[in-house]
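The values are calculated or read from the model by the stated rules, or taken from the named source; none is laboratory data. Nothing here was measured: the structure is a model prediction, and the numbers come from that model. Please note: Cβ atoms are built from the backbone with ideal geometry, for glycine as well, and neighbour counts cover all protein chains shown.
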Amino acid sequence: MDIQKIISDLLAKIQGDSGLLEKVQSDPAETVKGLLGGLNLDANQLTEVVTGLVQKLGLGNIAEAVSGAADGEKAGGLLSKLKSLLGL
């Protein structure tokens, strides 16, 4: 599976749609899962894609918050971290 190609494809979709960019900012893991559709990635691959994507979008601070998101690790805590990072 070419993770970099997946990131590039998602980046192209997101950069052309401000609504998707907002979704990535508010819930990167779930947004990426939705954009991937039926593509099955394991937890590590999903984390790589989400982390790479937010870094390419210039949201690097969020990358730390999403590590482990694919594992379902404390989703509520993740949302709180994202809100604090985004100043919400």
(request) Filter region 18-33 down to residues that are of a type outside the set (Val, Ile, Thr), closer than 14 Å to residue 53 by Cα and free of Cβ contacts under 8 Å to residues at least 40 places away in the same chain, then give me how many there are. (result) 6
(message) Give me the helices (runs of 4 or more DSSP H) completely within region 9-88, filtered to those with at least 1 residues that are modelled with pLDDT of 85 or more, ordered by residue number.
(response) 18-26, 28-36, 43-56
(request) Find the residue count for region 1-41, including only residues that are in contact with a helix residue (DSSP H, G or I) (Cβ under 6 Å, 6 or more places away or on another chain) and of a type in the set (Gly, Ala, Ser). (result) 1
